[in-house]
Amino acid sequence: MQDLKKFLPQNERLVYVDEINEYRCNEYIKGKKIVNRNEDNILKFGNKTILPGSTIYEILSQFAGLLIVKKDEKHEDVRANVYVYKIEELKFFRMCTPDEVLTIECKFIERVGKLYRIACYMTVDGKKVARGILTYILTEN
């Protein structure tokens, strides 16, 4: 399952997928991200060190995108570009701090033409961190 990460277009330094635990084509993906104290994106917020919301969104986006780029309905590798088209109902429930292990789960909702809708959830120790629905558009290379 770790070979799924090769489908992410980001520079290795900006890949936020640490571990993929479960993957079922066109259904769901589950994995983890460990918040590292030495990452470039960690911010000081008052007397707290936190992971910013924009990075939480990017983590969700990378996991969700893997549902699309790895396989299509025929279980063939997709050779196309995938872009976030729309973000719906993205909500943050708590801050994330260094050394926490984020658990990410993304579930395929529907496909309409070249648009894919995916529900995303993030937790730490079973407590909600963020959730939202991301819509992607698939374009030809």
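Near the amide H of Ala130, under 5 Å away, which other amide H atoms are found, from residues 5 or more places off or on another chain, if H is placed in the peptide plane?
Long-range HN contacts for Ala130: Phe93, Met122.
Pull out the extension gain between Glu22 and Lys44, defined as 0.36 nm times the separation in residues minus the alpha carbon to alpha carbon distance; nm, one decimal. Intermediate values should be presented prior to the final figure.
Values: separation 22, 0.36 × 22 = 7.92 nm, distance 3.31 nm.
Full extension from Glu22 to Lys44 adds 4.6 nm.
Past 22 Å, Cα to Cα, is the threshold; run Lys48/Lys128; Lys86/Lys127; Lys48/Lys107; Lys33/Lys114; Lys48/Lys86; Lys91/Lys114 against it and keep the listed order. Each step should come with its number before you reach the end.
Values: Lys48/Lys128 19 Å; Lys86/Lys127 26 Å; Lys48/Lys107 32 Å; Lys33/Lys114 29 Å; Lys48/Lys86 31 Å; Lys91/Lys114 25 Å.
Listed pairs above 22 Å: Lys86/Lys127; Lys48/Lys107; Lys33/Lys114; Lys48/Lys86; Lys91/Lys114.
7 Å from Cα along Cα→Cβ at both Lys32 and Val112: what's the point-to-point distance in nm?
3.8 nm
All of the numbers you see were taken from the coordinates with simple rules; none came from a lab. Remember, predicted model here, so these are calculated numbers, not experimental data. As a convention, Cβ positions derive from the backbone with ideal geometry for all residues, glycine included, and neighbour counts pool all protein chains shown.
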